[in-house]
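Peer 1: Okay, here's the structure, questions in a sec.
Here, each number is a calculation from the coordinates, and none is a lab measurement. Just so it is clear, the model here is predicted, and its values are computed rather than measured.
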Amino acid sequence: ARWDRELGEALRATAEVLTPGGVAVWMLGDGQVAGRRVPADRQLHALSGAAGARILASASQLRADYTGGPERREHLIAFCRR
């Protein structure tokens, strides 16, 4: 819940400073919270509406997990103000 709240606040703050027609692009990797993998692209989609943002596009690529676990995905996510 804390991670969702903090990420949602960052998303909201970014959306608020965008001008009409403006687009922001974040690079964000999948997270690990309490031993559970959190897909970053799905998480941002879930949080975007309440944060006043609209996801426009995303692209993902596998990356090695620095902890030695299964590969994670890294995402480029473009969004605008809702």
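Peer 1: Give me the Kirkwood hydrodynamic radius of the chain in Å, from all C-alpha pairs, to one decimal place? Write down the numbers at each step before the final one.
Peer 2: Values: mean 1/r = 0.0758 Å⁻¹.
Roughly 13.2 Å, rounded to one decimal.
Peer 1: Any chance you could give the angle, 0 to 90 degrees and rounded to 10, that helix 2-17 forms with the longest Cα principal axis of the chain?
Peer 2: Roughly 30 degrees between the two axes.
Peer 1: Starting at the first residue of the stretch 68-82, write each ³J(HN,Hα) from the Karplus equation 6.51 cos²θ - 1.76 cosθ + 1.60 with θ = phi - 60°, in whole Hz, x for Gly and Pro.
Peer 2: Coupling constants for the stretch 68-82: x, x, x, 4, 10, 10, 10, 10, 9, 10, 9, 8, 10, 6, 6 Hz.
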